[in-house]
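*Asks:* Let me begin by handing over the structure; questions about it come next.
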Amino acid sequence: MVQSAIAAVTARIIERSKPTREPYLGRLDAAARRGPRRGVLGCANLAHGFAACGAGDKAALAGDVVPNLGIVTSYNDMLSAHQPYERYPALIKDAARAAGGVAQVAGGVPAMCDGVTQGRPGMELSLFSREVIAMATAIALSHDMFDAAVFLGICDKIVPGLVIGALTFGHLPAVFVPAGPMPSGIGNDEKSKVRQSYAEGKATRAELLASESAAYHAPGTCTFYGTANSNQMLMEVMGLHLPGAAFVNPDTPLRDALTRAAATRALAISALGNDYTPIGHVLDERAFVNGIVALHATGGSTNHVMHLTAMAKAAGIAVTLDDYAELSEAVPLLTRIYPNGSADVNAFTAAGGTGFLIRELVGAGLVHPDARTVSGAPLAEYEQEPWLDGEVLRWRSAPKQTRDDTVLRPAARPFADNGGLKVLDGTLGRAVIKISAVKSEHHHVRAPARIFHAQEELEQAFKAGELYRDLIAVVRFQGPRAIGMPELHKLTPLLSSVMARGFQVALVTDGRMSGASGKVPAAIHVTPEAAEGGPIARLRDGDMMTLDAVAGTLTVEVDAAEWASRPLATHDLSDNTHGMGRELFGVFRAAASGAATGASVFG
């Protein structure tokens, strides 16, 4: 039985989405009836489609009864999370042939790393890379050669982009195939301390690089619970992974077995089989509610307030900030994974992982247990973990008791009554804040504003010693229509240093923070943004502000008449329109919706 609060939000989303969801499903079903067009392609068209295949695959694809599996990959070998995908196409092709099908690499999509571009001009392309990935996915599948697809992606914008692209081919079954987290390196607390020491001038660059290299040291995702690992948790809870696939380490026999099984399963759920399961039907309103609930329950990435909204829109489903806020109040926090604790995702898996998490969410009535999954079983049966019996992949029940209650707890004994992802309303419009890693004494901050128009300005003020006082740092003109909404994660060590001196500190911005944003209270995604004339552009240095994460408010103590008469600040953004490829993204900046509606250029 689903709790009434969860059911109410779901019902509201279903009703709100009818004008867009019903036409989407109509288009999906019409495409399904037409089926793959291989059988009616002209001979020259079809010959182009399998020219590079071996003789056996050519013979199979010449007809229209053997399923063809498209592989959409984000492989590159610069990024640790995506390097393992180099081997996947061969594994998938072998598994497809063993299952009586064929697999082809349909296309590649770009994969950039926010960790590399953090604080650099390239970060201004990061959010919009999601849109590029979605379009590249559509191009990969546009040849109409495929009966199903597997998607190889893991990090921040890559998975949301792949999902959006896959949903434009909603009649095709889709299985997402992760690569897994790297083995654990140095402790996250130690890494954080070195970062703060470097920001304060107490550690050298060599010491900082040695620390970072010990943390990020092998193939696989970074092991903290940022956007990348939130992606993998979501894909599992939303039914697009095989059970327990999310956090198995790369280049292990179990990882390879799961990859082969994903390919086999994708072929089995094509329209040529007996269990047709298109992604457009898997990702329904229940799936998105389940995803939001799991995001709250794990203290997941703030980036997903935008990404889940944009993904839902691609399926004709309208999700609002009010849905996130209402669900947040109903969902307890069940995990402590860095930065919301010291443990990493490997420790989470060892404690019971996604199988334990899903069992607790189902048992507490916090998710829809009947939601569809690519496995053919409802979500309620994802309370299991994979293992190898010799060379045979099997599943067994996840542990009924947590193996480490400092990392993972049952719903009856949570770390907190809510997941800590809150929506703020007030004088400046709407914003999002993640407080799961913020100490309770910092949930309410009242301090004068200090205005910045770039994170470099704040960094210069910090180095000049100007920030060691109570303040709310306002960094504006950072939104999607201004400069593409780069992450401002490099500000965290600076403001943490100020807070460590005993001052009241908070950040307010129309930009975004890393999915691993931590102990400094940060009201982010302020909308409307400054570049659109949002009220954040009325703020002046010294305005007394209050950020109240308990009451859910973000207010300014300025007389209403004066506030209304204040001119909006402007800022010259011309330097952000060129260099590092930014010239190519002007059309994205001009078309982007606000953060509250997904910061999307699509519709």
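*Asks:* Check off (1) modelled with pLDDT under 95; (2) of a type in the set (Gly, Ala, Ser); (3) under 24 Å from Phe588 (Cβ atoms) for Ser80 and give me the number that stays unchecked.
*Replies:* (3)
*Asks:* Return the residues of the range 196-223 that are touching a helix residue (DSSP H, G or I) at 6+ places or on another chain (Cβ under 6 Å), in a loop (DSSP other than H, G, I, E, B) and under 18 Å from Asn346 (Cβ atoms); say none if nothing qualifies. Full working, then the answer.
*Replies:* Initial filter on the range 196-223 (touching a helix residue (DSSP H, G or I) at 6+ places or on another chain (Cβ under 6 Å)): 196, 198-200, 203, 208, 211, 215, 219, 221, 223.
Now drop any that are not in a loop (DSSP other than H, G, I, E, B), which leaves 200, 203, 219, 223.
Within the range 196-223, Pro219, Thr223 meet the criteria.
*Asks:* May I pose another question? What pairs come out if I take residues in the range 202-223 that are in the same structural domain as Ile154 (by TED's automatic domain parsing) and within 13 Å of Met182 (Cβ to Cβ) and pair them with residues that are surrounded by 15 or more Cβ atoms within 10 Å (Cβ to Cβ) and aromatic (Phe, Trp, Tyr) whose C-beta lies under 7 Å away, six or more apart or interchain?
*Replies:* Filtered contacts from the range 202-223: Cys222/Tyr216.
*Asks:* Another question, then. Is there a residue being modelled with pLDDT of 85 or more and in contact with an Asp or Glu (Cβ under 7 Å, 6 or more places away or on another chain) anywhere in the range 192-205?
*Replies:* So far as the range 192-205 goes, no, none of its residues is modelled with pLDDT of 85 or more and in contact with an Asp or Glu (Cβ under 7 Å, 6 or more places away or on another chain).
*Asks:* Which of the residues that make up the range 311-366 are of a type in the set (S, T, N, Q) and surrounded by 24 or more Cβ atoms within 10 Å (Cβ to Cβ)? Give the derivation first.
*Replies:* So the first thing to find is which residues in the range 311-366 are of a type in the set (S, T, N, Q), and the list is 320, 328, 335, 340, 342, 346, 349, 354.
Thr335, Asn340, Thr354 - these are the residues of the range 311-366 that are of a type in the set (S, T, N, Q) and surrounded by 24 or more Cβ atoms within 10 Å (Cβ to Cβ).
*Asks:* Next question, about the same structure. For the range 343-438, which fully contained strands (runs of 3 or more DSSP E) count at least 3 residues that are in contact with a His (Cβ under 9 Å, 6 or more places away or on another chain)?
*Replies:* On the way: elements: 384-389, 392-397, 421-426, 429-434.
Fully inside the range 343-438 and qualifying: 429-434.
*Asks:* Additional query: Whether any residue in the range 78-94 is surrounded by fewer than 24 Cβ atoms within 10 Å (Cβ to Cβ) and either part of a strand (DSSP E or B) or among the polar types (S, T, N, Q) (or both) is what I want to check. I'd like the intermediate steps shown before the answer.
*Replies:* Going residue by residue through the range 78-94, those that are surrounded by fewer than 24 Cβ atoms within 10 Å (Cβ to Cβ) are 78-80, 83, 86-91, 93-94.
If we keep only those that are either part of a strand (DSSP E or B) or among the polar types (S, T, N, Q) (or both) too, we end up with 80, 83.
Taking every residue of the range 78-94 in turn, at least one turns out to be surrounded by fewer than 24 Cβ atoms within 10 Å (Cβ to Cβ) and either part of a strand (DSSP E or B) or among the polar types (S, T, N, Q) (or both).
*Asks:* A further question on this structure: Only one of these is surrounded by fewer than 21 Cβ atoms within 10 Å (Cβ to Cβ), in contact (Cβ under 8 Å) with a residue 40 or more places away in the chain and closer than 20 Å to Ile358 by Cβ: Ala412, Ala447. Name it. Don't jump to the end; show me each part of the working.
*Replies:* Numbers: Ala447 fails: closer than 20 Å to Ile358 by Cβ.
When all the criteria are applied, what remains is Ala412.
*Asks:* If you take the residues in the range 255-300 that are under 15 Å from the mean Cα position of the chain (by Cα) and assigned to a loop (DSSP other than H, G, I, E, B), which one is surrounded by the most Cβ atoms within 10 Å (Cβ to Cβ)?
*Replies:* Gly300
*Asks:* From Val66, Val72, grab the single residue that is closer than 17 Å to Ala271 by Cα, out of contact with any Leu (no Cβ under 6 Å at 6 or more places or on another chain), surrounded by 18 or more Cβ atoms within 10 Å (Cβ to Cβ) and not charged (D, E, K, R).
*Replies:* Working: Val72 fails: closer than 17 Å to Ala271 by Cα.
Step by step, each of Val66, Val72 is checked, and only Val66 is closer than 17 Å to Ala271 by Cα, out of contact with any Leu (no Cβ under 6 Å at 6 or more places or on another chain), surrounded by 18 or more Cβ atoms within 10 Å (Cβ to Cβ) and not charged (D, E, K, R).
*Asks:* A further question follows. Run Ala482 past the list (1) touching an Asp or Glu at 6+ places or on another chain (Cβ under 9 Å); (2) crowded, with 24+ Cβ neighbours inside 10 Å and report the number of the one that doesn't hold.
*Replies:* All conditions are met except number (2).
The values are calculated or read from the model by the stated rules, or taken from the named source; none is laboratory data. From a predicted model like this one, the values you see are computed outputs, not experimental measurements. A quick note on method: Cβ atoms are made from the backbone with ideal geometry, for glycine too, and the neighbour counts reach across all protein chains shown.
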